[in-house]
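The values are calculated or read from the model by the stated rules, or taken from the named source; none is laboratory data. Everything numeric here is computed off the predicted structure, so don't read it as measured data. When we count neighbours, we look across all protein chains shown, and the Cβ atoms used for this are built from the backbone with ideal geometry, even at glycine.
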């Protein structure tokens with residue numbers, strides 16, 4: 001897929017998801033003591049499905065259309081809804097926020113690798129250089145401008161879960177650019193997200209039941225938990241997934257991955273705001289590096305060059 005031209009609409013579509021996912025990480029961390037991670041994911045997509053079903057158009061009547069591409073639905077639902085979110089919430093239980101952010105910073109690289117291995121995508125030099133700039137920006141965020149902090153990072157088992165989550169999200173994003181041929185231009189986006197949520201829930205609920213045997217966190221129902229799940233369903237799920245799907249379709253998965261690296265920056269700014277601290281100079285430096293990486297990755301090769 002050739003590099004896409006950055007337009008205000010594309011920038012907005014790909015900036016809203018990281019903003020929503022940053023709030024998801026902050027809120028998921030806050031709820032980690034009151035709900036097990038896989039159960040939180042199951043509750044999240046159950047609410048999303050309940051909100052989507054009234055908006056779907058002939059979902060069951062068109063079952064022959066989507067059943068022909070059942071492999072795509074299975075993969076996209078498992079990778080994007082069941083695996084990614086469950087692994088992310090589990091990683092927040094067992095790994096530090098610094099580690100999770102460092103591993104998530106590899107998404108542009110993971111996107112390029114998955115695209116090259118499974119989707120015949122040949123990354124440009126600008127995309128490779130942009131990936132390095134974006135990762136440098138994330139390192140500035142998590143190190144708070146002091147590289148000595150990175151030497152204090154200790155890797156734990158949860159880091160492997162976050163790496164798996166990053167690869168799952170890369171696969172899901174590439175699948176969005178290869179929908180089944182049976183889906184025409186009139187296929188509603190609500191049908192797509194609802195079907196993916198159904199597939200994800202077919203795995204999420206059985207896993208959440210099995211989770212009770214190994215997790216040390218018990219469900220503690222409260223109004224705060226209900227409000228948190230509703231917010232996650234509306235913002236980081238419905239809004240973010242819709243914008244991400246449109247952005248990936250217009251700009252491509254490789255470019256979208258660079259925008260995803262805005263998530264740790266937004267999360268750091270949110271944490272600073274909650275603690276009453278003003279943004280620091282390293283936040284501005286990180287934003288500059290990530291923005292430069294996005295711009296470089298979107299640059300079209302000169303004529304005559306591969």
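Data for the structure
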| quantity | calculated |
| --- | --- |
| Residue list for the range 114-135, filter: at pLDDT 80 or above and crowded, with 21+ Cβ neighbours inside 10 Å | 114, 115 |
| Wholly enclosed helices (runs of 4 or more DSSP H) of the range 174-269 bearing at least 3 residues in contact with a helix residue (DSSP H, G or I) (Cβ under 9 Å, 6 or more places away or on another chain) and crowded, with 23+ Cβ neighbours inside 10 Å | 189-211, 240-251, 253-260 |
| Residue match in the range 137-157 (condition: outside any loop (DSSP other than H, G, I, E, B), buried (at least 18 other Cβ atoms within 10 Å of the Cβ) and at pLDDT 80 or above) | no |
| So residue 94, is it modelled with pLDDT under 80, out of contact with any strand residue (DSSP E or B) (no Cβ under 6 Å at 6 or more places or on another chain) and over 18 Å from residue 267 (Cα atoms) | yes |
| Qualifying helices (runs of 4 or more DSSP H) (wholly inside the range 6-113; at least 2 residues being within 14 Å of the chain's Cα centre (by Cα) and surrounded by 22 or more Cβ atoms within 10 Å (Cβ to Cβ)) | 8-30, 70-77, 84-94, 97-104 |
